Ligand code: GCO
Ligand code: MG
């Protein structure tokens, strides 16, 4: 048996997704997620124009060899486009192998290490009252962990914070189309002031602890916006509020920046959603500068690479916190859930539910129950793309916003 067909599907049921379909000579179909928010067509081209023909005729069972062939065999290694493309091939091959075995993928990864996967929700609000209501809503649904993001007095729309418009809980998240829903031609711009943010945020954590007590796991995302010394001071200052983690406090390229943060604080640190290789973590893991690995399976070379990365992290007592916003497709989310259920050093899983339109196009078998997800027991990843439904939604160009300081300087994400 061998790989017979490789197809790349680009669809936009509310937001853009890139999905790889691999079909074997005996008709087994495997799906992989290759979505790279705001740069989707680059990965689609990498797959369709460069990799697809290399895969035809290969033995679909040789997952490790195929991974090495695409990674080590290529002259140009790493980078989000390459690693998202390799991830999609890898996921699709694992999907096929598990379907052939008649088992959910987590069984092939060693079987379940837990009954279900604890997830955290995204709560946000332009002011504290709105944030508190959002947190309360999640606590009532059974969530035990919530990421909190809020507006900062004096600043306008901030990334990660819902505008508060009716029914628009996650309106900050996808890359933005034009206001009328058509293709955007350039990113929108937001204004940022780190000093105002650093003054305001600790007061928010204090109120959350007053209102929700000590039991709730509170997470917060800094979106790479602080300098090392700002991050060190902030992480130290918020220690009394016992964050589950502070995410992406400094720009991702500079692994040594986290040494400074670590020297000054015991607030747990998470980073990695913009990383795409184990080498992005080498210093962070071996020097124990972080507590959680935030990579997406979709952007870090797939299940094969993530399993190795997380096993490496486990040696240093570092746990998983796999990236799971809606810019990984339900296929990528399922891949994360199978790993989460199987690995020993699971920490927590991010969960932003996809909207109904997306879920009509991707048929999922994972289930949510009172703050926990389970990948389900369908053979394979447990997600199927309905290509007819997908065909109704053409790709629509969209951009993540650009961030500027009040004087106009382009700032970090
Ligand atoms: C998170 C994130 C995402 C990113 C998004 C960008 O989930 O922690 O930071 O919401 O902003 O993945 O494409
Ligand atoms: Mg993040």
Item to check | Simple spin-label estimate for residue 128 and residue 62 in nanometres, 7 Å along Cα-Cβ | outcome: 6.2 nm
Item to check | Computed label-point distance, nm, for sites residue 165 and residue 209 using a 7 Å Cα→Cβ extension | outcome: 3.7 nm
Checklist entry - Relative to a virtual label point 7 Å from the Cα of residue 286 in the Cα→beta-carbon direction, which members of segment 242-273 show backbone nitrogen distances below 18 Å? => result 254-260
Item to check | Ranked by how many other beta carbons lie within 10 Å on average, peptides 216-222, 226-232 from highest | outcome: 216-222, 226-232
Checklist entry - What is the gain in length, in nm to one decimal, between residue 242 and residue 103 on full extension, counting 0.36 nm per residue of separation less the C-alpha to C-alpha distance? => result 46.1 nm
Item to check | Rough spin-label spacing in nm, given labels placed 7 Å along Cα→Cβ, for residue 360 and residue 186 | outcome: 3.5 nm
Checklist entry - How high is the FRET efficiency from residue 45 to residue 195, r the C-beta distance, R0 30 Å, rounded to 0.05? => result 0.10
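Per DSSP H run of n ≥ 4, the term is -39500 (n - 2.57); total these for the chain, divide by its residue number, and report the mean residue ellipticity at 222 nm rounded to 500 deg cm²/dmol.
That calculation yields -9500 deg cm²/dmol at 222 nm.
Can you tell me the order of 73-79, 207-213 when each peptide is scored by its average per-residue count of other Cβ atoms within 10 angstrom, highest first?
Output ranking for 73-79, 207-213: 207-213, 73-79.
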Checklist outcome for this item: Scoring segment 2-104 by relative contact order with C-alpha pairs under 8 Å, at least six apart, yields a percentage of 33 percent
Next on the checklist: Given R₀ = 41 Å, what would the calculated FRET efficiency be for residue 53 paired with residue 141, taking r from the Cβ atoms and rounding to 0.05?
Outcome noted: 0.30
Item to check | Relative contact order %, segment 108-378, counting alpha carbon pairs below 8 Å whose residues are six or more apart | outcome: 20 percent
Next on the checklist: Could you sort the peptides 306-314, 63-71 by per-residue average Cβ neighbour count (10 Å cutoff), highest mean leading?
Outcome noted: 306-314, 63-71
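Values in this text are rule-based calculations from the coordinates and carry no lab data. The structure displayed is predicted, hence computed values, not measured ones. Quick reminder, even Gly has a Cβ in these numbers, built from the backbone with ideal geometry, and neighbours come from all protein chains shown.
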